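The values are calculated or read from the model by the stated rules, or taken from the named source; none is laboratory data. Note that the coordinates shown come from a computational prediction; the quantities given were computed from them, not determined experimentally. We place every Cβ from the backbone using ideal geometry, glycine too, and count neighbours over all the protein chains shown. Heavy atoms of the whole protein, side chains included, go into the accessibility calculation; ligands, DNA and RNA do not. Shrake-Rupley method; radii C 1.70, N 1.55, O 1.52, S 1.80 Å.
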Amino acid sequence: MRLQQPFTYYAVILSLFLVPLVSYKTYIGPLPLSAEVVMIPLLTIAAIVDYAQKRIALNDFNIKPIAAAFLLYFIIAVISLTQAVSLAPAAMELARYLSYVVLFLIVVKVRFTREQYIHFAKVFGLSVLIIGVYGIVQYIFGISLNTAGLYALKEAKGRVDSTLVNPNYYASFLNFVIPTLVLLAVVYFKDKKAQLLMFALYGIYVINLVLTYTRAAWVAMIGGFVLMVLLIPKDFIKNAVRPHILLSFVVLLTVVYFMPDVQSRTYSALYAMQKIVIRHLPMNITDHIANGDVSQGKDGGFFAEEPGDEEKVQDEATTSRAVVSRVTLWKTGWVMMKENPILGVGIGNYLVRYKDYVTKYPELYIGHDQYSVHNSYLKVGAETGFIGLAAFLAIYVIYYVYLLRLYFSAANRLSKIVVIGLIAGSATFMVQNLSNNLIFIPQLNTIFWLVSGLAIAFVHQNKEKPASMQE
């Protein structure tokens, strides 16, 4: 019996549901096996078969600019292999990169119907719901909670990572989805019950984000929220002042405020930001701040220590150590990039060369022979040089040019919401890559490019205004 839908449709459905939910990973010899490793080739084969049998058609979205940027970075990465001391991690890095490129180009070019896009949204929404509920259950029952960084938490049981392996990865996934959830709750749905149900899902995700205890993600969430409101000010503010929405926000903020360690962790986040900023200010300004000579007065400024507040002093000491460690990791990436400015040390070879550099520069050593740089951009620069970093950043510049064009040409409210949610969610993803290597996490990056490609294609096709696509 002939299937009613093309194979590509089913492959996308499975990918949207399984990739976020299935974190299991094993190895067959040196080759990794995980949900994304299975689903991306499956989707690729499905698209090739469907296209050959004329079961799918392509839209007219212009992929040439981003395809050229993808190709340019790939060429530079291949050339950087001449500097690599280990080809195995380099080959794996290139293979992963190509898989994201192929995935994105397929889903952004295939013409799906409006009904199919609705099915995609529902399936991904179900996956999102399961992940969020499991995150709450994980914390309540203490199921496999992450204890990294627990020394800084006095009340919390641990850090939630749900199905995303690591709290930092999970926090980034949450921030990627949260803007769209709140826009659907406040702006899109008109029925009060639908609004409250969607707001409840948004609330679950905010609570999950708090339970990751990832300070950078908390800051990114606030920034994403502000960006979202600025992009759709009239509709958001008009709907947000309705009594049931206002009450929902108040209840959510109250719950969050009294969650374990939120107040101390928030203070710690602000203190960490202050320490990082001060490190990069001119020396004379730094001295003024250190001496308390700032606009808030001479008692130590906004972050002054309160006499006898021993707990706060301990928190600041812990945060200072964390800031020093993170900045040292960034310095290591910068030194590696500065000493290999043209081709870097070879794609995928940052960890391989890490010990060489901390041995050469003992001040960069933080007690590990291998350690992530905790900054995707420095990793790219260290591995492929300044030229490679420029080519890599060009991919995301073009990506945002696409989003901004779609924002200004959006044909209706739904399209506007989808593209604004993607702009704000992607912005949090890019910002969090300043303090983590999220772009190099296969499960997370697959979700980013899969959802981005589908959303861009939907909004692009929606502006063409055929009856089958309009909302």
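Think of the range 85-205 as having a plus end and a minus end, set by charges on the Cβ of Lys, Arg, Asp and Glu; of G132, G158, L145, G132 sits farthest toward the positive end of this dipole. Among the trypsin sites (Lys or Arg not before Pro) within the range 162-266, those in coil by DSSP and having at most 12 neighbouring Cβ atoms inside 10 Å are K190. Using the 1.4 Å probe convention, the accessible area of the range 31-162 works out to 49 Å² per residue with neighbouring protein chains retained. Once backbone amide H atoms are built at 1.01 Å from N, K25 has no partners under 5 Å, excluding neighbours fewer than 5 places away on the same chain. Report in % the part of the accessible area of the range 333-471 that belongs to carbon and sulfur, leaving out ligands and nucleic acids; probe 1.4 Å. About 65 percent, which is the carbon plus sulfur part of the accessible surface. Accessible area per residue (1.4 Å probe, heavy atoms of protein chains only) ranks R159, R326, R405 as R405, R326, R159, with the largest value leading. At an R0 of 30 angstrom, the distance between the Cβ atoms of F408 and K154 translates into a FRET efficiency of 0.05. Counting heavy atoms of the protein chains alone, L71 has an accessible area of about 100 Å² for a 1.4 Å probe.
Taking all protein chains into account, the per residue accessible area for the range 362-471 stands at 33 Å² (1.4 Å probe).
Remark: for residue pairs K190/K238; K54/K122; K64/K234; K122/K192; K122/K463; K157/K193, the C-alpha separation exceeds 23 Å in K54/K122; K64/K234; K157/K193.
Taken about its Cα centre, the range 1-84 carries a charge dipole of about 160 debye when Lys and Arg each add +1 at the Cβ and Asp and Glu each add -1 at the Cβ. Taking 28 Å as the straight-line reach from the Cα of K360, the lysines in range (excluding those fewer than 8 positions away in the same chain) are K275, K331, K338, K379.
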